[in-house]
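For reference, the structure discussed in these notes is given below.
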Amino acid sequence: FKLQVKALDLGTLDTTKPEGRTDVYLRATLNEFTPIEIQGWATPIAAKPDFALAIRVQELQLPPLSPYTLRAAGLNIESGSLKLDADASANAGALSGVLRLNVGDLAVQSASAEEAARVEQTIGLPVGAAIGLIQGDDGRIRLDIPLSGDLTSPSFDFGDAIGQAVTNVLKGAVLA
């Protein structure tokens, strides 16, 4: 991945006031075609993290993420693009927020029959059927995924938290 930073603005960072807020703004482009924008504030040197951030990603092409989805879920992404809006905050390390995903033209393939069976057991039906259930009439997948957790916990992992939330959304779609 190649990230080109177009604008970066960090507010005052005062090490004598670790609880002081620092304004944050980033505008960048990923792989020449994917605009990314992050804005908000953070207390980067506080004992427990506090922040409020809004993140926007437009038209991220998903196939380059296949090595990660293959390792994490046994799925190879053949096509698709993602628009992401996220609003996240932390108060004394307690994370809350939501990821709003809008995925178009998604096509995935299981790495093996064993992986397909494992994913099916996790979500309760084959991947293709799960995707079909959550796709709208226009073929796009729109998901709101809640974020929560304790950022100060040594066992906290963003990947695990998001993976569990996506699994819960898929299970909810199956039950609905």
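What are the residue pairs meeting all of these: first residue in the stretch 54-68, first residue closer than 12 Å to Gly104 by Cα, second residue surrounded by 17 or more Cβ atoms within 10 Å (Cβ to Cβ) and not hydrophobic (A, V, I, L, M, F, W, C), Cβ atoms under 6 Å, and 6 or more apart or on different chains?
Here the result reads Gln58/Lys83; Glu59/Thr34; Glu59/Ser81; Leu60/Thr34; Gln61/Ser81; Leu62/Gly80, each pair linking the stretch 54-68 to a residue that is surrounded by 17 or more Cβ atoms within 10 Å (Cβ to Cβ) and not hydrophobic (A, V, I, L, M, F, W, C).
Please pick out the residue among Thr34, Thr22 that is under 19 Å from the mean Cα position of the chain (by Cα), at pLDDT 95 or above and open to solvent by less than 90 Å² (accessible area, probe 1.4 Å).
Only one candidate passes the filter, namely Thr34.
Which residue out of Gln109, Gln135, Gln58, Gln121 is farther than 24 Å from Ile36 by Cβ and within 19 Å of the chain's Cα centre (by Cα)?
The match here is Gln135.
Within the stretch 97-120, restricting attention to residues that are touching a Gly at 6+ places or on another chain (Cβ under 9 Å) and closer than 30 Å to Ala52 by Cβ, which residue is surrounded by the fewest Cβ atoms within 10 Å (Cβ to Cβ)?
Gly104
Being open to solvent by 20 Å² or more (accessible area, probe 1.4 Å) and either basic (Lys, Arg) or outside any strand (DSSP E or B) (or both) is the filter here; which residues of the stretch 70-96 pass it?
Within the stretch 70-96, Leu70, Arg71, Ala72, Ala73, Lys83, Ala92 meet the criteria.
The values are calculated or read from the model by the stated rules, or taken from the named source; none is laboratory data. Just so we're clear, the structure is a prediction, and the values are computed from it rather than from any experiment. Methodologically, a virtual Cβ is constructed for each residue, glycine included, from the backbone with ideal geometry; neighbour enumeration extends over all protein chains shown. These area figures cover heavy atoms from the full protein model, side chains too; ligands, DNA and RNA do not enter into them. Shrake-Rupley method; radii C 1.70, N 1.55, O 1.52, S 1.80 Å.
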